[in-house]
Amino acid sequence: MVKIIYIEQNGERHEIDAKVGNTVMEGAIKNNVPGIDADCGGACACATCHVYVADEWFEKVGNPSVMEESMLDFAQDVRPTSRLSCQIRITDALDGLTVELPESQH
């Protein structure tokens, strides 16, 4: 299991244990983290699982694919560290990953 930290805009933290191989979105859904709706179920067909990856983690999660970049065009308040959490696959190297939830998703 890997620890993932989700931070709401009001500062509330949700620290969860997530299974390696799942996505950051799946970890949020399974642990009732507010602000991750995942309307498309993880198919990279919406932007309701938009997160901001903490700067120190951005290189470790990698850059978004072309399809993900296209979907981020539909998200509000996109930043350089924006990602769709359905596209971040959890690995052992992501233990402690911190993501912030956009205000627009609360």
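The values are calculated or read from the model by the stated rules, or taken from the named source; none is laboratory data. Not measured: the values here are computed from a predicted model. So basically every Cβ, Gly included, is an ideal-geometry build from the backbone, and we count neighbours across all protein chains shown. Quick note on the areas: whole protein, heavy atoms, side chains included, nothing else; ligands and nucleic acids left out. Shrake-Rupley method; radii C 1.70, N 1.55, O 1.52, S 1.80 Å.
Just for the stretch 11-25: of the residues that are free of Cβ contacts under 8 Å to residues at least 24 places away in the same chain and not aliphatic (A, V, I, L, M), which one is surrounded by the most Cβ atoms within 10 Å (Cβ to Cβ)? Lay out the reasoning, then the answer.
Initial filter on the stretch 11-25 (free of Cβ contacts under 8 Å to residues at least 24 places away in the same chain): 11-17.
Next cut, not aliphatic (A, V, I, L, M) only: 11-15, 17.
On the way: GLY11: 7, GLU12: 12, ARG13: 9, HIS14: 19, GLU15: 13, ASP17: 11.
Here the answer is HIS14.
For the stretch 75-83, does any single residue satisfy the condition of being in contact with a Lys or Arg (Cβ under 8 Å, 6 or more places away or on another chain) and among the acidic types (Asp, Glu)?
We begin by selecting, within the stretch 75-83, every residue in contact with a Lys or Arg (Cβ under 8 Å, 6 or more places away or on another chain); these are none.
No, the stretch 75-83 has no match at all.
For the stretch 92-106: of the residues being out of contact with any strand residue (DSSP E or B) (no Cβ under 7 Å at 6 or more places or on another chain) and open to solvent by 60 Å² or more (accessible area, probe 1.4 Å), which is modelled with the highest pLDDT?
In this case the residue turns out to be ALA93.
For the stretch 1-10, which residues satisfy the criterion of being over 11 Å from the mean Cα position of the chain (by Cα) and surrounded by 13 or more Cβ atoms within 10 Å (Cβ to Cβ)?
Within the stretch 1-10, VAL2, LYS3, GLU8, GLN9 meet the criteria.
Mind listing whichever residues of the stretch 51-83 are of a type in the set (A, V, I, L, M, F, W, C) and in contact with a Pro (Cβ under 7 Å, 6 or more places away or on another chain)?
The initial filter retains those residues of the stretch 51-83 that are of a type in the set (A, V, I, L, M, F, W, C), namely 51, 53-54, 57-58, 61, 66-67, 71-72, 74-75, 78.
Of everything in the stretch 51-83, just one residue is of a type in the set (A, V, I, L, M, F, W, C) and in contact with a Pro (Cβ under 7 Å, 6 or more places away or on another chain), namely LEU72.
Out of the stretch 47-80, which residues are loosely packed, with under 15 Cβ neighbours inside 10 Å, part of a helix (DSSP H, G or I) and in contact with a Ser or Thr (Cβ under 7 Å, 6 or more places away or on another chain)? Talk me through it step by step, then tell me what you get.
Step one: list which residues in the stretch 47-80 are loosely packed, with under 15 Cβ neighbours inside 10 Å, which gives 55-56, 59-60, 62-63, 65-67, 69-70, 73-74, 76-77, 79-80.
So of that shortlist, the ones also part of a helix (DSSP H, G or I) come out as 55-56, 59-60, 66-67, 69-70.
Listed by number, the list holds a single entry, ASP55.
For ARG89, only one of the following conditions fails: (1) modelled with pLDDT under 95; (2) more than 21 Å from GLU12 (Cβ to Cβ). What is its number?
(1)
Which condition from (1) surrounded by fewer than 18 Cβ atoms within 10 Å (Cβ to Cβ); (2) in a helix (DSSP H, G or I) is the one that CYS40 breaks?
(2)
Exactly one of (1) open to solvent by less than 60 Å² (accessible area, probe 1.4 Å); (2) farther than 18 Å from GLU8 by Cα; (3) of a type outside the set (Ser, Thr, Tyr) is unmet by VAL33. Its number?
In the conditions (1) open to solvent by less than 60 Å² (accessible area, probe 1.4 Å); (2) farther than 18 Å from GLU8 by Cα; (3) of a type outside the set (Ser, Thr, Tyr), VAL33 misses (2) alone.
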